[in-house]
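Take a look at the structure below.
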Amino acid sequence: MLQPLLRRGVLTGCVAFLTNLFILSAFSFADSPTPKLKIALVQIDDLLEAPNEGLLAGFSQRIISLAEIDAEYIMAPGQRDIHLFNANIVDATFPDIGSEAASNVLYTDEVVFVDRYIFTLTGAKPFTDVSQLAGKRLGLVNSWAYGDNIESSTDIKITRVVSLTLAVKMMNRERLDAVIATVPIVTSITKTLNVPMLSYSPKHPVQTLGMTYRLHSSEQGQILKKKLDKAIRVFRDTTELSDYGIY
């Protein structure tokens, strides 16, 4: 009689021990939530003003939600996003145009593609190529990237401005001859300022930008890329991007 009782006691004790271990493990996981993904958002006039303000901000929030990622955002004006990324303070930056080909950097699939055009005053003959800007006064927004062929040009009279809104005001005061921007932003700004829409040549975009997330080339970065790429595909399949003048 003693042997069965002992075996029963040992079995009961083992069950109790495993049950307690399971409970403790559950509490341990509950007390150690997955760290939030830190994303530096590049502050772009009229497109991304704050984590919940601007067309691109809304796009990013939707993608992060589809990827089921818990994210924390840091606004990064100018080139601060690159500093935060290189210092490993953030896990990702958005938007990035995939300009840096480096072994320690990963890029997701493109979220959107955006065409830029040369805009000039209403009624003026539109520019169709950057070469036509030689000797002209061109307004470039500080926080935007345009490429070396434009930014380093010695033929163009470049004026740096803090926002595209200011550039449009300067154009209407005949202090600038042209700006380079996208149709949705220019349309929005001219409506807000109650001025005529600027002239441009719809068949002649001068730049096409593919906007992505920049990630670290690490095991975590590879995992994030897979999640974000999948979410981006769903986002692009379910969003009428043409409604926003992009694709």
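The set of residues in segment 133-156 being touching a Leu at 6+ places or on another chain (Cβ under 9 Å), of a type outside the set (Phe, Trp, Tyr) and surrounded by 16 or more Cβ atoms within 10 Å (Cβ to Cβ) consists of Lys136, Arg137, Leu138, Gly139, Val141, Ala145, Ile150, Ser153, Ile156. Applying the criterion of at least 2 residues that are within 14 Å of Thr122 (Cα to Cα), out of contact with any Lys or Arg (no Cβ under 9 Å at 6 or more places or on another chain) and in contact (Cβ under 8 Å) with a residue 24 or more places away in the chain to the helices (runs of 4 or more DSSP H) found wholly in segment 151-247 leaves 164-172, 183-193. In segment 44-144, counting only strands (runs of 3 or more DSSP E) that sit wholly within it, the ones holding 1 or more residues that are closer than 30 Å to Ser218 by Cα and under 19 Å from the mean Cα position of the chain (by Cα) span 71-76, 92-96, 105-107, 112-119. With the structure loaded, tell me whether Ser201 is polar (S, T, N, Q) and modelled with pLDDT of 95 or more or whether it fails that test. Here the answer is yes, as Ser201 does meet what is asked. It is to be established whether one or more residues within segment 68-84 are at pLDDT 85 or above, among the β-branched types (Val, Ile, Thr) and crowded, with 22+ Cβ neighbours inside 10 Å. No; the residues of segment 68-84 include none that is at pLDDT 85 or above, among the β-branched types (Val, Ile, Thr) and crowded, with 22+ Cβ neighbours inside 10 Å.
The values are calculated or read from the model by the stated rules, or taken from the named source; none is laboratory data. Just so it is clear, the structure is predicted and the values come from calculations on it, not from any experiment. Using ideal geometry, Cβ is built from the backbone for each residue, glycine included, and neighbour counts are taken over all protein chains shown.
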